[in-house]
Amino acid sequence: MNTVTNASIVFANTLGPDTAPLHPTELGRWIRGNSNIADDFVPIEMAIRQINRPMFVIDNGVESPVFTSQGTAIFGAENPDMKGLPIIGYLPQLNLQEIGDPSFCRDYNIKLPYMAGSMANGIASTQLVKAITNAGMLASFGAAGLGIDEIESAILDLKQSLTGKTFAFNLIHSPNEKGHEDAVVDIYLQHGIDLVEASAYLKLTLPVVRYRVSGIHKNDDGKIICPNRIIAKASRIELAKHWFSPPPEKMLLELVASGHITEQQAEFALCIPMAQDLTVEADSGGHTDNRPAITLIPTIIALRDRLQSQYNYTTPLRVGAAGGIATPASAAAAFTMGAAYIVTGTINQACMESGSSDTVRKMLAQAEQADVTMAPAVDMFEMGVKLQVLKRGTMFAMRGNKLYETYRKYNSIEDIPTDEREAMEKSIFKAPLEKVWQETRDFFLQRNPTEVSRAEEDPKHKMALIFRWYLGLSSRWANSGKLDRQIDYQIWCGPAMGAFNEWAKGSTLEQPENREVVNVALNLMYGAALVNRVNQLRQQGIRFSSSCINFSPIKSNEIESYLN
């Protein structure tokens, strides 16, 4: 007999040979304990919400089905003389950690397979990272778009505040900022940042490979130890393949030649994947290919299985899910498709701990699923790469796309017709382009002087840098809440925001001032568990009215009461 909470479970093979088959609709028999039978049964909503308790679904002949976690359940064939009520369904207890891949939690020393992604320009702020990390989940600081001094300041803050706990920093592909990615890797290695979330990569780069293999060695048992870990994000199978494969041998040889690693370390590196964990990025805010998760996740999981079999890594590869995850149903769907963990982004920007402004939080709280569109990305403007932003309440996307069309059409600022140029100065830049160039030039002289030299030789590149002035500042105007520039706010946002707002209506999370990032995370994880239990009942043929199940967001202490 195996006792779980107040219930006892017995399997038929322990009863002996004198047993007979149950009726097809029965799983076994339930025998009540010493309590009053009326006290044994709980309402269906309570039965589903108490996920840490096993629940038996009983046919009592009166108000079937009824639910209980009390008494003794005998599963399998029944004894002809056995009394008790028929069991017509069963809900096993559910640990929130096990709704994904428990190894993800063990490897990163966290309690739940949940990650708050690294929204750029510090939107995934130190305050947000602290809150999520202290609640037993994983978070990544939004270092993209920030200067080295700003990144280093965040590193010192988080290392002091979160000693002994796991957190990540973002490492973003920077094809238009030569040297910046290398400088970020330098600062991470210098300060011992051993986990990064790698995002927006179009291909593997020497800096990200250098980060991954720096310090690789074998321990006394002969096991290869790679101190720096990467959680990569990808939405294309060809890029996912690179992340799940060992570092390119050509790049390893370059690192050996430059003295960053030894020949022996290069050999060790051929036995590890670039990233053990890869987040499938579906239709998300910011950089996105707008891919549907329902097709993308299974495809990348199949790739994972092939490459794990091919390389036989000591630590198995894992796949997480991001993009569109904003409700219990979407979180549950991701886990059901095989995601080891989930990653959220847009909805965290709407929380009080984000590095965004109250004005942006209010705008996001009004967003619906169709209130998003695509606009040029400042970091890959010349390449024509776009990202997903909020459309409602801002003209950024329209103006950004106008700038890209102008860039494609003309070879220099001087080629732009006078009327078009004056219109841009008046409505978009709100300043003469000569002044904009001077500010841009001063910025790049500090950040990357080679950009200025190149612009002085290439008029088209100079035009691109001027246009990027608007694209770059628009997100900073949003984060700082600059009211006279609200119409130009660049707010990274996917359709998940609209889904979240619809789910939050009438609940504690409807108003933006009540949106706390930990409460949002717990509601998504707990809600996913409730969806899981409802589906288990349906799959056993248990039918009930959907009106009796309410998965609206609740306060964190209420969730904790159901878990105790």
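All of the numbers you see were taken from the coordinates with simple rules; none came from a lab. Bear in mind the structure is a predicted one, so any value in this text is a computation, not a measurement.
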Using alpha-carbon coordinates, inclination of helix 517-539 to the longest axis of the chain, degrees: 40 degrees
Cross-link reach list, lysines versus Lys250, counting only Cα pairs under 28 Å and skipping chain neighbours closer than eight places: Lys178, Lys203, Lys218, Lys223, Lys233, Lys241
Integer Hz, Karplus 6.51/-1.76/1.60 couplings in order for the stretch 130-143, x for Gly and Pro: 4, 4, 5, 5, 5, 8, x, 10, 10, 9, 10, 6, x, 7
Debye log10 I(q)/I(0) at q = 0.07, 0.13 Å⁻¹ for the chain, Cα point scatterers: -0.49, -1.29
The stretch 119-181 - Rg (one decimal) and Dmax (whole number), Cα, Å: 11.9, 37
Hz values of 3J(HN,Hα) by residue in the stretch 283-298 - Karplus curve (6.51, -1.76, 1.60), Gly and Pro given as x: 6, 10, x, x, 4, 7, 9, 6, 7, x, 4, 5, 9, 6, 4, x
Phi-based couplings in Hz for the stretch 249-260 (Karplus 6.51, -1.76, 1.60; Gly and Pro marked x): 4, 4, 5, 4, 5, 5, 5, 5, 4, 7, x, 6
For the stretch 184-231: rounded, prolate or oblate by the Cα gyration tensor [a/c cutoff 1.5]: prolate
Rel. contact order, % - alpha carbon contacts under 8 angstrom, at least six apart, the chain: 14 percent
For Leu195, residues with placed amide H under 5 Å, excluding near neighbours: Phe169, Arg229
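Expressed as a rounded percentage, what relative contact order does the stretch 280-341 have, with Cα pairs under 8 Å and six or more residues apart?
37 percent
Note down, for the stretch 97-356, the three equivalent ellipsoid semi-axes (square root of 5 times each alpha carbon gyration tensor eigenvalue), biggest first, whole angstrom.
Details: eigenvalues 133, 100, 62 Å².
Sorted largest first and rounded, they come to 26, 22, 18 Å.
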Cα-based Kirkwood hydrodynamic radius, the stretch 107-251, one decimal, Å: 15.7 Å
Reachable aspartates and glutamates from Lys435, criterion Cα separation under 13 angstrom, eight or more residues apart if same chain: Glu425
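For the chain, what proportion of DSSP beta bridges, expressed in % and rounded to the nearest 5, is antiparallel? Can you show the working numbers first?
Values: 30 of 60 bridges.
Looking only at bridges with both residues in the chain, the antiparallel portion is about 50 percent.
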